[in-house]
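Colleague: Here you go, one structure.
The values are calculated or read from the model by the stated rules, or taken from the named source; none is laboratory data. Since the model is a prediction, treat every value here as computed from it, not as a measurement. Every residue, glycine as well, gets a Cβ built from its backbone with ideal geometry; the counts of neighbours run over all protein chains shown.
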Amino acid sequence: MRYLEHITTQGERWDNLAWRYYGDALSYERIIAANPHVAVIPVLPSGVRLIIPVISVTQTTSELPPWLR
């Protein structure tokens, strides 16, 4: 699995990171699971190194516009 590295800044939250990287604030659980060394607290301290799992997005043919099918 591929990962990105993120260093937190003051005031960042798990849901903010999920929104930034996945476009869905409720997807924060996969970020928490990838970072068992970080306490699960509402606001993260600055300077914490986090691992962000890269999620591959697959499109089915029906989701593609007609000119790309």
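Colleague: Taking PRO36 as the residue in question, decide whether it is surrounded by 10 or more Cβ atoms within 10 Å (Cβ to Cβ), at pLDDT 95 or above and part of a loop (DSSP other than H, G, I, E, B).
Modeller: Working: surrounded by 10 or more Cβ atoms within 10 Å (Cβ to Cβ): no; at pLDDT 95 or above: yes; part of a loop (DSSP other than H, G, I, E, B): yes.
Here the answer is no, as PRO36 does not meet what is asked.
Colleague: Which one of these is modelled with pLDDT of 95 or more, within 15 Å of the chain's Cα centre (by Cα) and in a helix (DSSP H, G or I): LEU44, LEU50, LEU17, LEU4?
Modeller: Details: LEU44 fails: in a helix (DSSP H, G or I); LEU50 fails: in a helix (DSSP H, G or I); LEU4 fails: in a helix (DSSP H, G or I).
Residue meeting the stated conditions: LEU17.
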